[in-house]
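Structure first, then comments.
The values are calculated or read from the model by the stated rules, or taken from the named source; none is laboratory data. Remember, predicted model here, so these are calculated numbers, not experimental data. Every residue, glycine among them, receives a Cβ derived from its backbone with ideal geometry; neighbour counts consider all protein chains shown. Side chains included, ligands, DNA and RNA excluded: accessible areas come from the protein's heavy atoms. Shrake-Rupley method; radii C 1.70, N 1.55, O 1.52, S 1.80 Å.
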Amino acid sequence: MANPAGLDSATVEGFLDRHPELVEKWLKRRTAFLSKGAPAGSPDFGDGGAVKQPSRHHNGLSPRSSSSSTVSPGPEPTAGGLLQHRGSQKELRKSFARSKAIHVNLTYDEHLHARAQEPLSSARRRALLRKASSLPPSTAHLLSALLESRVNLPQYPPTALDYKRYLKQHNERQFFLELVKDISNDLDLSALSYKILIFVCLMVDAERGSLFLVEGGGGKKSLVSKVFDVHGGAPVLPCYSTENSNEMQLLWGKGTVGYVAEHGETVNMPDVYQDHRFNDKIDKLTGYKTKSLLCMPIRNSEGETIGVAQMINKSPGGIPFTDDDEKVMEMYLPFCGIAISNAQLFAASRKEYDRSRALLEVVNDLFEEQTDLEKIVKKIMHRAQNLLKCERCLVLLLDDIESPEVKFTKSFELMSPKCIADTENSFRDNLEKPSASYSDWLVNNSIAELVASTGLPVNNSDAYQDPRFDAEAFVIFCGLGINNTIMYDQVKKSWAKQSVALDVLSYHATCSKAELDKFKTANIPLVSELGIDNVHFDDFSLDTDTMIAAALRMFMELGIVQKFRIDYETLCRWLLTVRKNYRMVLYHNWRHAFNVCQLMFAMLTTAEFQKILTEIEILALIVGCLCHDLDHRGTNNAFQAKIGSALAQLYGTSATLEHHHFNHAVMILQSEGHNIFANLSSKDYSDLMQLLKKSILATDLTLYFEKRTEFFELVNKGDYNWNVKYQREVFRSMLMTACDLGAATKPWEISRQVAELVTSEFFEQGDRERSELKLTPSAIFDRNRKDELPRLQLEWIDSICMPLYQALVKVNGKLKPMLDSVVANRKKWEELHQKRLLSQTTSNLAMSPESIK
C-alpha cells in the first residue's frame, strides 16, 4: 500500500476480498482522527495505519480544484488543460452531490429498497470503483465508494431523529406535531409500524419496543408483529428487507400483549418478573433482561383494538414507566390508530386492485385464445399461480362431465421457481403430461374427485390434517371467477369525498382576470342610489354585475373593509368567485344569496343591531349570507338522503347541504388570492370561522325549530340579555333564518314571484322523485297539485314565518314594516285560497246529479 500509483480497480477489489477486516480498522482510525479535529494539511491515515502525505498543489490551488490525485498522480497539465479539467471536476462534484442528496421526508424509496436486497457482488464493487475513478480525486470520495462497495450504508440521514430529540427538549408542542405529521401520510404498513415504534420509544425514553397488529376475526384472532424488538436509537426511517423480516405471531389473550389486546386495558409493570402475565420466553431466547414494561392498546376510529404497542425498559437502567408516559402514549396512539387503519385500508384496496386486475387478465386471455385448449389452460394456471401465490398448480380435465364416475383424462401442471431448481425450465416444462404417468396419483386423489363430483371448492389450511389429502402430491384445484367485492365504509366515504370534489371542480372555476379588472376600477354606487338599506328592497331590481357592486358597498358601509384591513382586490375576486360557484338553478342561486345578504344589511342598519353585535359577528353574518347556499343543487336534504348521494354519504343526513355550503366557502377562502380574512389575528380568524360555520348551519330549518322555542320564550318574557354568549348565538341564528325566509316580508308582487320560483324548483325535485325513485312526492313537490299553492303558502306563513317576525318586532319595533308585509301577503294568499275553494265548490255543484237533472 506504500505505492498508490500502482493501484487499479482490480487490485483494490482483490485486496478487499482477501482482507475485509482492514476496512473496519481504517474506518475506526479515520473516525477517531477526524473527531479530534485534524488541522489543515494533516496527513491521512491509510490502510494498516500507513501515512499518506498531502498532495502538492500547483499555483496555490486548493485540494478541491487541484488536478493531482492521491491515488494515481499524473503529469502536470498545461494551463488550458488545467482550466478545462477544473471545469469538468466542478460538474462532476455537482453530479456527485446530487446523487448523494436524499430528501429527509422520504418514507420509502423503492430503488433504495431494491438495492438493499441486492447481493453485493464483485461486479457491483467494480462498478462503484469505476464510479470513484471519475469523481474528484480526494481520499473522502474514494473511501465513500469503497465503503459503499463493502458496507450497508444507512439509506436515510440520521439527522431526523436528532432534530426530534432537539424539539423534545425545547418545544414539546412542535415535537408532538412533528411525530403526528410524520406518520399521517405513510401508507406502507411495515415502514409505518417501524416509525411508530421509534417515535414512541423517543417519547417515553424506552430502550426497546414492539408493535403487534390484530389479524383475523371472530374466534381466530392473533397478534402479528411487523417489526419486533426495535431499539430507541434506530434510524427514524428504516431500510428493511421483506425477505429477512423479524415478523412474529402471538396467540390472542396469551401473555401481556395478548391480555392488553383482549381486554383493551393499559398494563404498566414496574417489575415484569413480579407479574404472572409476563412471559420470559423472549428474554431467555435473546439474553436481553426486561425490567419495566408499558403495554397499551391501539384503537381505530370505532374504538376497536387494532394493535398493541409495547415499550420495554425506560431509560436509564429500566426504571418504571410513569403516569406521564401513559398520558403521552394515550394522546399519541389514537393518531397511530388512524394511520394504521389508513395503511391497512390502502393495503386491502391495493390487494383487491391486484386481484381484480389478475381476474381481468384471465378473462382477456380467454378471449384472446379460444382455439388451443392447452394454451388456454396454461395461461389460466399461470395467472392463478400469481394470484393465489401458490407453489404448485394442477388442472385435471374430466373425461365425461355427464358420467357419475369421476375419471380424469388430461392433466396440466405448473410449478413455481421455488419448487424446481432451474426457474427457466419451470415454464418450458409446462407441457401436457399423459394421464398414464399420473394414474397412481389420480386413483388416490380424493380431494380432486370430491371437487369434481360436488362442484364445491375445498380450501385446506393444513392439508396434512385432512384424510382426503394424498401426502405424495399437494394439489390446488383452481376455480377462477369474477366476483364483485363488498366495499368498506371507509372506502365508500373516500369515494364520496372524491366524487364530490370532482363534481365541484368540474363545474366551478374562479373568476377571470377581465371580470376582476372591471370591478377594481369601477365606481361603486352609494347606498341611497342602490336602495339596499330598505327592508322592502326589490329582489329583482339589480342585474348580476350591479349585485357585485352593491355587495362591495355593503362591506364598505359597515366598516368591515377598514376594520379588518381587507384587500380590495381580494374582496372583488372573492365576490366574483362566490357568484361563479352558485349553480344556475331556479331559486337557490346567486340572486337569492345576494337578497339574503341585502336583507341582513337592511336589518342591521335599520334596527341598529350593530350596537348589539360585535364587528366580527357582523362580518360572519354578511359572509355567511353570501355563502349560505354555495353549490346548491336545487334539491333539499331529504332528497340527498333518499338517493344516497355522495353528499349524504360524506356529511350524513343531518344538515347535509349546509355542511357542504360551509366547506365550499372554506375551499374558496383557501384558494390563492381569495382569503379576505388574511389580515386577521390568529384568534380572530379562529373565532370568525366558528361564527361563519354556525351562521351557515343556522339556515337549516331543522336547527331553526330546535332553537326558536327558547328564543320565543326569552322574547316573550323580556328577560333576554344579549351579553350572554349563548343567547347571542340564538339571536344570530334567528337573524339568519329571518333573512333566508325574507321573501315573505317583501311587497306582494315580489313575494309572489319568489314563491313561484321556489315552487318551480320544488316541482323539479318532485319530478325526479317520481321518475328516479318511483315515489309519489308530497304536495309541495308535486306538479300535479300546483293549484294547492295558496293553501301551502298559508301553512308556511302561519307555522314558520309569522312567529319569527313577531318575535323580532318585540326585540326591535323598527322591524314592524317587515311583519306588516307578512300579514298583508298572508291576506292575499288567503283570498286566492278562498277563490280556489269557491271554484272547486262551483265545479262540484256543476257535476252533481241534481244539476245534471
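The solvent-accessible area of K816, taken with every protein chain present and a 1.4 Å probe, is close to 100 Å². Taking all protein chains together and a 1.4 Å probe, the residues F609, F662 rank F662, F609 from largest to smallest accessible area.
Loop-located GluC sites (Glu not before Pro) across the range 291-358 with a Cβ neighbour count of 10 or fewer within 10 Å are E302, with loop assigned by DSSP. Remark: spin-label model distance E374-N386 equals 2.2 nm, labels positioned 7 Å along the Cα→Cβ axis.
Please report the net charge: other residues with Cβ closer than 10 Å to the Cβ of E658, K and R +1, D and E -1. That works out to -1. The Cβ shell under 12 Å around I532 holds other residues with a net charge of -4, Lys and Arg each +1, Asp and Glu each -1.
As an equivalent ellipsoid, the range 510-837 spans semi-axes of 30, 24, 21 angstrom, where each value is the square root of five times an eigenvalue of the C-alpha gyration tensor, largest first. Annotation: extensible slack from T614 through D275 equals 115.9 nm (criterion: 0.36 nm per residue apart, minus Cα-Cα distance). For the range 606-706, the equivalent ellipsoid derived from the alpha-carbon gyration tensor has semi-axes of 26, 18, 11 Å in decreasing order. The solvent-accessible area of T709, taken with every protein chain present and a 1.4 Å probe, is close to 80 Å². With one equal scatterer per alpha carbon and no solvent term, the Debye-computed log10 I(q)/I(0) for the range 517-613 at 0.21 1/Å reads -1.18. Label-to-label distance, L701 versus N721, with points set 7 angstrom from Cα along the beta-carbon direction: 3.5 nm. Among the GluC sites (Glu not before Pro) in the range 543-645, those placed in a DSSP loop whose Cβ has at most 12 other Cβ atoms within 10 Å are E608.
Taking the protein heavy atoms of the range 510-837 in the context of the full set of protein chains, the accessible area attributed to carbon and sulfur is 50 percent at 1.4 Å. Taking a sphere under 9 Å around the Cβ of V204 and counting the other residues whose Cβ falls inside, with K and R at +1 and D and E at -1, yields a net charge of -3. Accessible surface comparison of R565, R785, R208, R573, probe 1.4 Å, protein chains only, largest first: the order is R565, R785, R208, R573. Taking all protein chains together and a 1.4 Å probe, the residues T305, T842, T266, T290 rank T842, T266, T305, T290 from largest to smallest accessible area.
In this structure K221 has an accessible area near 80 Å², from a 1.4 Å probe over the protein heavy atoms. Using a cut-off of 25 Å between Cα atoms, the listed pairs K693/K816; K683/K707; K717/K816 include K693/K816; K683/K707 as exceeding that distance. Annotation: amide H of G307 within the under-5 Å range of V214, I298, sequence separation 5 or more or interchain, hydrogens built in the peptide plane. A simple rule links phi to the HN-Hα coupling: the Karplus curve 6.51 cos²θ - 1.76 cosθ + 1.60 with θ = phi - 60°, which for the range 264-272 gives x, 10, 7, 10, 10, 9, x, 9, 5 Hz, with x for Gly and Pro. For the range 745-853, chymotrypsin sites (Phe, Trp or Tyr not before Pro) are listed when DSSP marks them as loop and at most 14 other Cβ atoms sit within 10 Å of their Cβ; the list is empty.
Based on alpha-carbon atoms, the Kirkwood radius and the radius of gyration of the range 542-594 give Rg/Rh equal to 1.01.
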